[in-house]
Structure formats: structure tokens, C-alpha cells
1. Is it true that L206 is over 30 Å from E56 (Cβ atoms) and hydrophobic (A, V, I, L, M, F, W, C)?
2. The conditions are (1) charged (D, E, K, R); (2) open to solvent by 50 Å² or more (accessible area, probe 1.4 Å); (3) at pLDDT 90 or above, and R17 fails exactly one of them. Which is it?
3. Against the condition assigned to a loop (DSSP other than H, G, I, E, B) and not polar (S, T, N, Q), how does G190 come out, does it pass?
4. Residue under question is L158, and the condition is that it be open to solvent by less than 40 Å² (accessible area, probe 1.4 Å) and either part of a helix (DSSP H, G or I) or more than 19 Å from L111 (Cβ to Cβ) (or both); does it hold?
5. Could you tell me how many of the residues in segment 121-151 are aromatic (F, W, Y), touching a residue at least 60 places away in the same chain (Cβ under 8 Å) and surrounded by fewer than 16 Cβ atoms within 10 Å (Cβ to Cβ)?
6. What is the one condition in (1) open to solvent by less than 100 Å² (accessible area, probe 1.4 Å); (2) at pLDDT below 85; (3) more than 32 Å from the chain's Cα centre (by Cα) that T53 does not satisfy?
7. Kindly indicate which of I268, I210, I215 is of a type outside the set (K, R) and closer than 30 Å to M69 by Cβ.
8. Quick one: would you say V230 is within 21 Å of the chain's Cα centre (by Cα) and within 28 Å of V269 (Cα to Cα)?
Amino acid sequence: MNVANEAEMVRQARSVRRPGRRRFPVVKELLMWLLALLILIPLFLVAINSLKTEAEADLMNLELPKQFMFDNYANVIKTGKMVQAYRNSLIISAGSTLVTSLFSAMGAFVLSRRRTKLNRLIYYYFIIGLIAPVNFIATIKVMQMTQLFNTFHGIILLYSALMIPFTVFLFYGFIQSVPKELDESAMMDGCRSLQLFFRIIFPLLLPVTITCVLINFMNAWNEFILPLYVFNKSDYYPVTLAVYSFYGTFISSWNLVCATIVLTTLPIVLVYIFGQRYLISGMTAGAVKG
């Protein structure tokens, strides 16, 4: 009889807890939607005001425009030199991403395979680079002395130097999961070091490579401080400085300013939407396998 009573009490306790378990996912989902609205509402505010007249945009509200002014974008592209700014940003972002990904993968492969004390110290040196601040005065002085100031290749090298520590960290953790037996088999077949890396190892690094490319490209595209210090000619301005310059000229025309912001952020949003699957999988793989 006591066993039957205990079983009944357990059943009642479970029935009492079930509604709470059912409500918790709903509460959690509502909380996620509220957090998402904190990001989506400002984006919608900027996008909708970019299609209004100057008088409507001054109110800066969420109301739909009475007439969609798509001419704002044409005006911004022509007046703000956005085509030139896009070209500059693409050169800087693509160049720094290519240099960073290639040399970080090669360096991480050597550090991971040859675990000497010196290589371990070099790896720790890269890790320190994750938290070390940038000394702008010394950096600009060195760039001026080496004739790299106010040049595309100068800022590409600067971006690469700043992004290599994090990229080496990701590649290093992922390469450790690649069996060393592949290296030995390839060397026995006559592969040299570069052939071993580019033909055998590098194709296996595709998930983490895509992750590094996406992160580094977005960081370089969104960077504002470094181009502001390095470039003193508007012909070299990337999109971030183009927005800054355009805002200073058309500060009273919020519709044009919002249109400029949309044109600047749109490539990054598209890159993230199409690459988020690779971004998350690559970060997870590198974290687990490292």
C-alpha cells in the first residue's frame, strides 16, 4: 500500500512540474525575440528613414514614408563617392584577409607539427597579440619611416599584423586534429613541405579557413580608427571614412546619412547571412578540436 501511495505522489509531482516545463521554452523564445528586436528595430529605423524626404527623416520615427525616395541612394553614390569607397574597402579587406589567412595557416601548421620550446614561445607570443593594445604613435612613426603611410599595401600589412594572432589561434587548434600519419605518408610519397601543406593539409582546413576569412573580412571592412590615422587623402578612404566624411557634410540631411549607412552595412549583412553556417561550424570545430 505504501508503494502505491509513493507511486501516486511521484505521478502527481510530475504532473505539477510539466506545465512549468512547457512554459519555459515559450518564455525563453519570447526573451530571444525581445533581444532580437533591440538589434532589428535600429536597423529598420535606418533603412526606412533612408527612403524618406529630408523633412520626414528629421522626425526619425518608424512610420513608413509617404513616397519612397529611391533617389536618395543615387544621390549618395554620386555625391559621397561610394563607388570609389567600395573599391578601396574591397582592396583593403580582401588583401588583408588573403595575407592573414594564408600566412596564419602556414605558421600554425609549423607551430603545431614542430613542438619545440622555441615554437611554443612563438605560439605564446601570438596569444599575447590577442590582448596587446595598439600603440598608434609608434605604429604611424614606423609606417612613415618605411614609406608605408598613406598607402594600400601599408594598411593591408597593418591589418594583417593585427588579425594574425587570432587567426593563428583558430588554425592551431584545428590543425591539431589532423593526424600526423598523413604527413608521414605524403613525405614517403615524395611530397615536399609546401606540397604537403597545400595539397594535403590545407584542403582539410576548409571549415576553419572560411571562418577566418569571414571574421577577418568583416573586421577589416568595419574598421574606422586605423584608416583615420593612416590615410590623409580622400581618394584612399574606405566606406567607413566615406560615411564619416559624408556625415560631416550632410549632417542636416538624415535621409542621405541613413542611405549611406545602409550602403555601408549591406555587404557585411549579406556576407554574414550567407556565411553564418560556416562561421559557427568553424568556430565550434576549432574550439572542440583544439
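1. For L206, the condition - over 30 Å from E56 (Cβ atoms) and hydrophobic (A, V, I, L, M, F, W, C) - is met.
2. Among (1) charged (D, E, K, R); (2) open to solvent by 50 Å² or more (accessible area, probe 1.4 Å); (3) at pLDDT 90 or above, R17 violates only (3).
3. On the way: assigned to a loop (DSSP other than H, G, I, E, B): yes; not polar (S, T, N, Q): yes.
Yes: the conditions hold for G190.
4. Details: open to solvent by less than 40 Å² (accessible area, probe 1.4 Å): yes; either part of a helix (DSSP H, G or I) or more than 19 Å from L111 (Cβ to Cβ) (or both): yes.
So L158 passes the test.
5. Residues meeting the conditions: 1.
6. (2)
7. On the way: I210 fails: closer than 30 Å to M69 by Cβ; I215 fails: closer than 30 Å to M69 by Cβ.
It is I268.
8. Details: within 21 Å of the chain's Cα centre (by Cα): no; within 28 Å of V269 (Cα to Cα): yes.
So V230 fails the test.
The values are calculated or read from the model by the stated rules, or taken from the named source; none is laboratory data. Here the structure is a predicted model, which means the values were calculated and not measured. Cβ: placed from backbone, ideal geometry, glycine included. Neighbour counts: every protein chain shown. Note: accessible area is taken over every heavy atom of the protein model, side chains too, but ligands, DNA and RNA are not part of it. Shrake-Rupley method; radii C 1.70, N 1.55, O 1.52, S 1.80 Å.
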